[in-house]
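Encoded as structure tokens, the structure appears first; notes follow it.
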Amino acid sequence: MSDELNFAHTILQGRAWRDVPDHEVLAESERLLGEWMSGEVRMERPKLYDHYALLLLALTRQNRELSARVAALEAAAGQGERAQDS
């Protein structure tokens, strides 16, 4: 048996990918990648579709959420500026 970790399986822990919240995927990804970069753990060489796709999906969703929040804040700030100009 290999002592290399499977990136996606380690994060999913037997759950379906839809059952793992994005914040958990991001936290576990950061931990695993940090441990891998420092040489603490070894990971299998992944195939994009079943490993890093999990991380990319969580990052994409978080980016969309943060972009929407920034747009809402900018719109609110713009309305406040217009109200002061009146």
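Each reported figure results from applying straightforward, stated rules to the coordinates on display, with no laboratory input. Predicted, not measured: the structure shown is a model, and the values here were computed from it. Counting neighbours? That spans all protein chains shown, and the Cβs are built from the backbone with ideal geometry, glycine included.
Could you give each residue of region 8-16 its phi-based ³J(HN,Hα) in whole Hz, using Karplus coefficients 6.51, -1.76, 1.60 with θ = phi - 60°, and x for Gly or Pro?
Going residue by residue, I get 5, 5, 5, 6, 6, 6, x, 8, 6 Hz, with x marking Gly and Pro.
May I ask for the angle, rounded to the nearest 10°, between helix 52-85 and the longest principal axis of the chain, with both axes built from Cα atoms and the value confined to 0 to 90°?
Computed tilt is about 10 degrees.
What is the extension gain from Arg61 to Met37, computed as 0.36 nm multiplied by their sequence separation minus the C-alpha to C-alpha distance, in nm to one decimal?
Working: separation 24, 0.36 × 24 = 8.64 nm, distance 2.50 nm.
Gain in length upon complete extension: 6.1 nm.
Taking the Cβ-Cβ separation of Leu26 and Glu4 as r and a Förster radius of 25 Å, what is the calculated FRET efficiency to the nearest 0.05?
On the way: r = 22 Å, r/R0 = 0.88.
Computed FRET efficiency for Leu26 and Glu4: 0.70.
What residues qualify as long-range amide H neighbours of Leu5, i.e. H under 5 Å apart, gap of 5 or more or another chain, H built at 1.01 Å from N?
The answer is Arg42, Met43, Glu44.
May I ask for the net charge around Leu73, where only other residues with Cβ less than 14 Å from the Cβ of Leu73 are counted and Lys, Arg are +1 while Asp, Glu are -1?
Details: positive: Arg69; negative: Glu65, Glu74, Glu81.
That works out to -2.
Would you mind checking the tilt of helix 22-37 against the longest principal axis of the Cα atoms of the chain, expressed as 0 to 90 degrees and rounded to 10?
In the chain, helix 22-37 runs at an angle near 50 degrees to the longest axis.
In debye to the nearest 20, how big a dipole does the chain give about its Cα centre with +1 on each Lys and Arg Cβ and -1 on each Asp and Glu Cβ? Intermediate results must be reported in sequence, preceding the final value.
Working: 10 positive and 15 negative charges, 55 e Å.
With Lys and Arg at +1 and Asp and Glu at -1, about 260 debye.
Determine the sum of side-chain charges near Ala58: Lys and Arg each +1, Asp and Glu each -1, restricted to other residues whose C-beta is under 12 angstrom from that of Ala58. Before the final figure, lay out the partial values.
Numbers: positive: Arg18, Arg61, Arg64; negative: Asp22, Glu24, Glu28, Glu30, Glu65.
Spelling it out: positives minus negatives among the neighbours equals -2.
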